[in-house]
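Comments concern the structure below.
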Amino acid sequence: MEPGRRFDRRSVLRVLAALAVLPGLGACGADFSGRRLSIAAGVDAGVYFRLAGTLAEVWREHLGLAAAPTVLTTAGSVDNLDRLAAGAADIAISQVDSAAERLTGLAPGDPRVPRALARIYDDALHVVVRRDSTVHRIADLRGRVVSIGPPTSGYHAVARRLLETVGLDPDRDVDARQLDLSASVDALRNGTIEVFFWFGGLPTGGVATLAADTPIRLLDLTDVLEAVRARYPVYSSGTVPASAYDIGEPVATLFVRNLLLVPASLDDDLAAALVGTIFAEQPRLAATSPAALTIDARAAIGTQPVPLHPGAERFYREAKTA
């Protein structure tokens, strides 16, 4: 699914038709009422957190849960993966690049390998500066005060990779701060940093709030996209529309897929029911964040290199033939 692509109506209709035949979603399906679930989401100013809140609501309703899944505030993808691996979360949202790193050295069938329910939407890399800043390219960041995000966030690694691609050492050539999104927004607003990195859905609430009271720009990354993607093909390129943050003109940037992940041990019926609810309530998710408009059944299976959970595979197979 390319950034900005809308969901395909026919594929969604096929999915909705399939819901009636999937175990766990009908009156005769499995009983999930006693299950207690938690979702490792993200910072409260980001799309992950808002989307996870709506997912918790719709899963409670469709699966007959006694209580909505707990939405956990976290530092982002790496933190989410850590919690999933430790059993401190049942479901996690993660960038595919962070998730792919967890596969290193593990056989495909290893129970430590996270399993994917769906590709849900794509994140855009934001490199945010004040509109009157003299920073216009990544190479201009030498000597600048830059927030690259907490080490347990997915965008921390992306920021370091981008800096290294243009020959900057993140530990020596910039004054790097490890602030989360909310702290970065406040710091740019009050002038204690000059730039911050963020990987998030469009639009991200925290950035939109900043743009409403502080004139900002996003750096256009056209000059480095080819080099970054040659080194890290997990990223794609795309455009942030000017309307996202009233930034005057569209900018080219990196995009990365987001996945909804669960442990390999999650039972198949529950996995299928979780996936089915996503598509049954896609319009409601999109009302929470426009990023969810890009969720569609055809693209959702694009979770490589992270394998689909068997229950999710069953859902997509039956949806396709419904």
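The values are calculated or read from the model by the stated rules, or taken from the named source; none is laboratory data. Predicted model only: the values in this text are computed from it and were never measured. Backbone-built Cβ (ideal geometry, glycine too); neighbour counts: all protein chains shown.
Here ASP246 clears all of (1) of a type outside the set (S, T, N, Q); (2) farther than 22 Å from VAL47 by Cβ; (3) surrounded by fewer than 19 Cβ atoms within 10 Å (Cβ to Cβ) except the condition numbered (2). Exactly one residue out of ASP132, ASP44 is modelled with pLDDT of 95 or more, within 30 Å of LEU162 (Cα to Cα) and not hydrophobic (A, V, I, L, M, F, W, C), and it is ASP132. None of GLY206, GLY276 is crowded, with 20+ Cβ neighbours inside 10 Å and within 18 Å of VAL146 (Cα to Cα) except GLY206. Among the residues of the stretch 125-160 satisfying the criterion of being under 17 Å from THR222 (Cβ atoms) and of a type in the set (D, E, K, R), which is surrounded by the most Cβ atoms within 10 Å (Cβ to Cβ)? My answer is ASP140.
Restricting to the stretch 221-261, and then to whatever is part of a strand (DSSP E or B) and small (Gly, Ala, Ser), can you tell me which residue is nearest to the chain's Cα centre (by Cα)? Here the residue is SER236.
From the list THR192, THR165, THR209, THR214, pick out the single residue that is under 30 Å from VAL306 (Cα atoms) and not acidic (Asp, Glu).
That would be THR165, the only listed residue that is under 30 Å from VAL306 (Cα atoms) and not acidic (Asp, Glu).
Which ones in the stretch 150-172 are in a loop (DSSP other than H, G, I, E, B) and under 15 Å from the mean Cα position of the chain (by Cα)? So that I can check it myself, show each step before the final result.
As a first pass, look at the stretch 150-172 and keep what is in a loop (DSSP other than H, G, I, E, B): 150-153, 166-172.
Passing the criteria: THR152, SER153.
Select the helices (runs of 4 or more DSSP H) contained entirely in the stretch 275-322, then report the ones holding at least 1 residues which are closer than 18 Å to GLU61 by Cβ and basic (Lys, Arg). Let's see the steps before the verdict.
Working: elements: 282-288, 297-300, 310-321.
In the stretch 275-322, 282-288 are the helices (runs of 4 or more DSSP H) which contain 1 or more residues that are closer than 18 Å to GLU61 by Cβ and basic (Lys, Arg).
Check the stretch 202-210 and report whether any residue there is within 27 Å of LEU293 (Cβ to Cβ), in contact with a Leu (Cβ under 8 Å, 6 or more places away or on another chain) and either assigned to a loop (DSSP other than H, G, I, E, B) or assigned by TED's automatic domain parsing to the domain that holds THR74 (or both). Yes: the stretch 202-210 contains one or more residues that are within 27 Å of LEU293 (Cβ to Cβ), in contact with a Leu (Cβ under 8 Å, 6 or more places away or on another chain) and either assigned to a loop (DSSP other than H, G, I, E, B) or assigned by TED's automatic domain parsing to the domain that holds THR74 (or both). The number of residues in the stretch 94-121 that are among the basic types (Lys, Arg) and at pLDDT 95 or above comes to 2.
Does LEU141 satisfy the criteria of being in contact with an Asp or Glu (Cβ under 9 Å, 6 or more places away or on another chain) and not assigned by TED's automatic domain parsing to the domain that holds PRO233? No.
From the residues in the stretch 246-287 that are of a type in the set (Val, Ile, Thr) and in contact with an Asp or Glu (Cβ under 9 Å, 6 or more places away or on another chain), which one is farthest from ALA30 (Cα to Cα)?
Filtering the stretch 246-287 down to residues of a type in the set (Val, Ile, Thr) leaves 247, 251, 253, 256, 262, 275, 277-278.
Those still in the list that are in contact with an Asp or Glu (Cβ under 9 Å, 6 or more places away or on another chain) too: 251, 253, 256, 262, 277.
Details: VAL251: 48, THR253: 44, VAL256: 35, VAL262: 19, THR277: 14 Å.
The extreme case among them is VAL251.
Filtering the stretch 178-194 to residues that are under 24 Å from the mean Cα position of the chain (by Cα), surrounded by fewer than 17 Cβ atoms within 10 Å (Cβ to Cβ) and either touching a residue at least 12 places away in the same chain (Cβ under 8 Å) or assigned by TED's automatic domain parsing to the domain that holds SER98 (or both) leaves GLN178, SER182. So which residues in the stretch 64-91 are hydroxyl-bearing (Ser, Thr, Tyr) and either in a helix (DSSP H, G or I) or in contact with a Cys (Cβ under 6 Å, 6 or more places away or on another chain) (or both)? Within the stretch 64-91, just SER77 meets the criteria. Residues in the stretch 92-144 that are assigned to a loop (DSSP other than H, G, I, E, B) and among the small types (Gly, Ala, Ser): GLY105, ALA107, GLY109, SER133, GLY143.
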